[in-house]
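Let me begin by presenting the structure, written as structure tokens, before commenting on it.
The values are calculated or read from the model by the stated rules, or taken from the named source; none is laboratory data. Remember, predicted model here, so these are calculated numbers, not experimental data. When we count neighbours, we look across all protein chains shown, and the Cβ atoms used for this are built from the backbone with ideal geometry, even at glycine. Heads up: the accessible areas ignore ligands, DNA and RNA and are worked out on the full protein's heavy atoms, side chains in. Shrake-Rupley method; radii C 1.70, N 1.55, O 1.52, S 1.80 Å.
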Amino acid sequence: MPIYEYICRDCGARFESMRPMREADQPISCKVCLSPNTYRTVSVFFAASEGRAITNQTGCASCGGGSCASCGHH
Ligand SMILES: [Zn+2]
């Protein structure tokens with residue numbers, strides 16, 4: 001399951017949440033101040049099979065480090 005990173009607009013906290021991909025863009029409450037005013041930021045994906053984090057800086061949020069039809073990243 002991918003880990004998504006969120007930023008709170010109210011207190012500026014950065015936090016991560018492991019969620020199913022289909023819930024990635026659903027609202028999530030800040031873990032610090034519980035504000036619902038948060039947004040998803042750069043994707044940090046966990047390659048569960050390799051046990052390490054991959055930060056994808058070139059593709060779009062749905063790339064996951066591989067080829068992506070939505071942004072053309074290869
Ligand atoms: Zn907050």
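With respect to the conditions (1) more than 16 Å from the ligand (Cβ to nearest atom); (2) β-branched (Val, Ile, Thr); (3) modelled with pLDDT of 90 or more, Ile54 falls short on a single one, namely (3).
Residues in the range 16-31 that are under 14 Å from Met1 (Cβ atoms) and of a type in the set (Asp, Glu) were compared, and the one that is farthest from the chain's Cα centre (by Cα) is Glu23. In the range 1-33, which residues are among the acidic types (Asp, Glu) and open to solvent by less than 60 Å² (accessible area, probe 1.4 Å)? Of everything in the range 1-33, those that are among the acidic types (Asp, Glu) and open to solvent by less than 60 Å² (accessible area, probe 1.4 Å) turn out to be Glu5, Glu23.
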